[in-house]
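Student: Encoded as structure tokens, here's the structure I'll be asking about.
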Amino acid sequence: VLFLLGTVRTTWKILRNRPERFAPVLARGIFAFGLPLAASKTLNAIIVNGTRMLVGVLDSAAALGLYTASFLLVQNSLTVIASGVSTAGYQLAGRAVDGYDPEAKRRQIRENGAFLLAVLAPMCLGMALTARNLAFVCVGVKFRASVAELTPWMAAGGFFMNVRSFYLDSAFQLGHRPGLQAWVTALTAAISLGLG
């Protein structure tokens, strides 16, 4: 919301002070691409935070604390690594898409996916297999049992969430179809919160 307000404020200043600098065609293109992308990112936040909210509402504050300790340890670690890995690859894929060479585009996207899987799969498997040790080293005594129990499940969920976020969603963006990405994310949010 703050980003949107800042954008509106900046646009208003440009229009008021130097109206010749405003390009309506470019603005329409930015909004047509950016609004569905913003909706998708908002829905992703609802998916991630909605699950925690459901734990707090349907169980207890203590259960929410235990869940959050596991979540922060596993999901945040996986997401930071996956976003770092995908950042460089996304730029290369964007360049390949702009180069209008279909084979180069497919090759770059395959390489991005292979690299993401090569880093993410062993990390998730390692977290799942060493859950007890990870809990012993990283969290306090009160949290260890629940973190050890939840880590394999969260590692599996984090694997699929990050593959979707940093590989599959990029197909919508690179294909200039962010509206479809918003619909898929809305369906994912409904299913995730419904199952929760």
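The values are calculated or read from the model by the stated rules, or taken from the named source; none is laboratory data. Quick caveat: nothing in here was measured; it's all calculated off a predicted structure. Backbone-built Cβ (ideal geometry, glycine too); neighbour counts: all protein chains shown. Calculation scope for accessible area: heavy atoms of the full protein, side chains included, ligands and nucleic acids excluded. Shrake-Rupley method; radii C 1.70, N 1.55, O 1.52, S 1.80 Å.
Student: Taking all pairs of different Cα atoms in segment 1-158, averaging 1/r and flipping that mean, what Kirkwood radius in angstroms comes out?
Tutor: Mean inverse Cα-Cα distance, inverted, gives 19.2 Å.
Student: Which value, in debye to the nearest 20, describes the size of the charge dipole of the chain about its Cα centre when Lys and Arg Cβ atoms bear +1, Asp and Glu Cβ atoms bear -1, and nothing else is charged?
Tutor: Using only the charged Cβ atoms, the result is roughly 560 debye.
Student: Which residue fluctuates most in the GNM of the chain (Cα springs below 10 Å): E103, E149, E111?
Tutor: Highest fluctuation among the options: E103.
Student: Could you go through segment 93-99 in sequence order and give the Karplus-derived ³J(HN,Hα) for each residue, using 6.51 cos²θ - 1.76 cosθ + 1.60 with θ = phi - 60°, rounded to whole Hz, and x for Gly and Pro?
Tutor: 5, x, 5, 5, 5, 5, x
Student: Oh, and also: Carbon and sulfur together cover what percent of the accessible area of the chain at a 1.4 Å probe radius?
Tutor: 71 percent
Student: Read phi for every residue in segment 186-196 and hand back ³J(HN,Hα) as whole Hz from Karplus 6.51 cos²θ - 1.76 cosθ + 1.60, θ = phi - 60°, with x for Gly and Pro.
Tutor: 4, 4, 4, 4, 4, 5, 4, 6, x, 5, x
Student: So if I restrict to the alpha-carbon atoms in segment 118-196, what is the Rg, and what is Dmax, the biggest pairwise distance, in Å?
Tutor: Cα radius of gyration and Dmax of segment 118-196 are 16.1, 48 Å respectively.
Student: Could you provide, to the nearest whole Å², the per residue accessible area of the chain with probe 1.4 Å?
Tutor: Per-residue accessible area for the chain comes out at 63 Å².
Student: A follow-up question, please. Which three extents, in angstrom, do the Cα atoms of segment 90-154 have along their principal axes, listed largest first?
Tutor: 56, 16, 16
Student: Sticking with this structure for a sec: Given a Förster distance of 35 angstrom, what is the FRET efficiency for L92 paired with E149, based on the Cβ-Cβ distance and rounded to 0.05?
Tutor: Between L92 and E149 the formula returns 0.35.
Student: May I ask which residue of N49, L66, P24 lies farthest towards the positive end of the charge dipole of the chain, with charges of +1 (Lys, Arg) and -1 (Asp, Glu) on Cβ and the Cα centre as origin?
Tutor: P24
Student: Hey, what's the Kirkwood Rh for segment 1-93 if you take every pair of different alpha carbons, in angstrom?
Tutor: Result for segment 1-93, one decimal place: 16.9 Å.
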